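The values are calculated or read from the model by the stated rules, or taken from the named source; none is laboratory data. Since the model is a prediction, treat every value here as computed from it, not as a measurement. Note that each Cβ is placed from the backbone with ideal geometry, even for glycine, and that neighbours are counted across all protein chains shown.
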Amino acid sequence: MAKLSTTMCQVLTKAAIENLGQRKIYSVVDVLQEDPKKLASISKLDFKDVIVLRQTLITNFSPFPRQGLDAYNELLSQCSYLSSGIESLDSLLGGGFLTGKVYEICGVSGSGKTQLCLTVAANVALRMKKSVHFIDTKLDFSGKRIHSILEAKESNEEVVGSTMEKILVTRVHCYNELYNFLYHLKNELVREPGTTRLVFIESLPAVFFQYMGANNLDSLGLLNSLASLIKYIAHEHFVAIVVINLASMWVEEESASLVQNEDETAPSAPIIDVKPALGKYWAHVPNTRLYIEQCGNSTERKITVIKSTHLATGSFCKISVLSEGVK
Ligand SMILES: Nc1ncnc2c1ncn2[C@@H]1O[C@H](COP(=O)(O)OP(=O)(O)OP(=O)(O)O)[C@@H](O)[C@H]1O
């Protein structure tokens, strides 16, 4: 909501702004909502000038509809898939993580979220000249682990060293530090566009749990500001942002009692529902949500698309968490 100023239009004088202010008309939206005749009498501007003012404000402040073709061409020219370096995951994602999108990887504790992110960070940094940001909110980033993942892929110690230099780890202790870091990253990308294409936030609940509970409105406001910033960076600077979230498993007892087995005598299996943390507001923020869970033997994991704007939900792939990283 832009505040009125004399630089917005030649006819908008300081006196007119003061006159409008006395009637609580302070912003562009206030002017556009008001009847032009009434505006002329309040501001003491000519009716002709009020029409010029309205046209100028509409031209400069309205979002214009764009053709679908323009949006598609922009996507083709500026977005790219960042291969995760894990074949099965790339084919699930249609080629890799798409720049300009926000991804969430959720799963219960120990499901392999961190191992997956470290491996993808290592793979992307190894292949690309750009830096990969890793925001560590849990304060447990392991340089040793990423070094051993890289060593398993690359025998040249110099290449391993230069790749590790491209993985920029930032430790944040609280929401404010996270927000400030992202804000500065946004400014850096304005100054030097394209310096980074991939950002991991590991993990979001770690900086939010302190705000949950008592004053829920505060946490919603903070979550809203962070979500806008994350989306802005991803969309405007063509960065893929991968947010790690915890998930909990809930047994839906009501549904369980409705589901009958084939012989209708044995008790039916309870339906397990996956609930990512951070609530309903956050639920719509990521463009794609991936759920990672253990399956089969202790190293095997299944990744399922549980929400997406461009991938089929329910599709899945299998990966293995090994000493040399995720494969
Ligand atoms: N060096 C390693 N070699 C093989 N497997 C490993 C290695 N390090 C961790 N793992 C496996 O990775 C799994 C833990 O994964 P990870 O730490 O990524 O879980 P997480 O989902 O991030 O958990 P949390 O939410 O608690 O942080 C365990 O099954 C562990 O055995």
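Key figures
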{"quantity": "Residue selected from the range 127-160 under the condition β-branched (Val, Ile, Thr) and over 18 Å from Ile201 (Cα atoms), by the criterion farthest from the ligand (Cβ to nearest atom)", "calculated": "Val159"}
{"quantity": "Near pairs, Cβ below 8 angstrom, 6+ apart or cross-chain, from the range 108-128 (free of Cβ contacts under 8 Å to residues at least 60 places away in the same chain and not assigned by TED's automatic domain parsing to the domain that holds Lys153) to any residue that is near the ligand (Cβ under 6 Å from one of its atoms) and of a type in the set (Gly, Ala, Ser)", "calculated": "none"}
{"quantity": "Sole residue being more than 16 Å from the ligand (Cβ to nearest atom) and either in contact with a Lys or Arg (Cβ under 6 Å, 6 or more places away or on another chain) or within 16 Å of Ile241 (Cβ to Cβ) (or both), chosen from Thr196, Thr163", "calculated": "Thr196"}
{"quantity": "Subset of the range 142-163 [under 13 Å from Ala125 (Cα atoms) and either in a loop (DSSP other than H, G, I, E, B) or in contact (Cβ under 8 Å) with a residue 24 or more places away in the chain (or both)]", "calculated": "Ile146, Ile149, Leu150, Lys153, Glu154, Val159, Thr163"}
{"quantity": "Residue list for the range 187-204, restricted to those being closer than 19 Å to Val172 by Cα, charged (D, E, K, R) and crowded, with 16+ Cβ neighbours inside 10 Å", "calculated": "Glu202"}
{"quantity": "Residues located in the range 297-327, provided they are farther than 20 Å from Pro286 by Cβ, touching a residue at least 60 places away in the same chain (Cβ under 8 Å) and not in a strand (DSSP E or B)", "calculated": "Ser323, Glu324, Lys327"}
{"quantity": "Pair list, Cβ < 7 Å and 6+ apart or interchain, from the range 167-181 residues that are in contact (Cβ under 8 Å) with a residue 24 or more places away in the chain to residues that are among the polar types (S, T, N, Q) and not in a helix (DSSP H, G or I)", "calculated": "Leu168/Ser131; Val172/Thr137; Leu178/Thr137; Phe181/Thr170"}
{"quantity": "Considering residues of the range 273-296 that are in a loop (DSSP other than H, G, I, E, B) and free of Cβ contacts under 8 Å to residues at least 24 places away in the same chain only, the residue farthest from His235 (Cα to Cα)", "calculated": "Gly296"}
{"quantity": "Count of residues meeting criterion [touching a helix residue (DSSP H, G or I) at 6+ places or on another chain (Cβ under 9 Å) and either of a type outside the set (Gly, Ala, Ser) or without any contact (Cβ under 8 Å) to a residue 24 or more places away in the chain (or both)] in the range 217-245", "calculated": "20"}
{"quantity": "Test: residue in the range 113-126 that is assigned to a loop (DSSP other than H, G, I, E, B) and either more than 16 Å from the ligand (Cβ to nearest atom) or surrounded by fewer than 23 Cβ atoms within 10 Å (Cβ to Cβ) (or both)", "calculated": "no"}
{"quantity": "Candidate set: the range 84-112, residues that are within 16 Å of the ligand (Cβ to nearest atom) and in contact with a Phe, Trp or Tyr (Cβ under 7 Å, 6 or more places away or on another chain); chosen: the one nearest to Leu311 (Cα to Cα)", "calculated": "Tyr103"}
{"quantity": "Of the criteria (1) surrounded by 21 or more Cβ atoms within 10 Å (Cβ to Cβ); (2) out of contact with any helix residue (DSSP H, G or I) (no Cβ under 8 Å at 6 or more places or on another chain), which one Thr137 fails", "calculated": "(2)"}
{"quantity": "Whichever residue in the range 65-81 is part of a helix (DSSP H, G or I) and within 18 Å of the chain's Cα centre (by Cα) and, among such residues, is surrounded by the fewest Cβ atoms within 10 Å (Cβ to Cβ)", "calculated": "Gln78"}
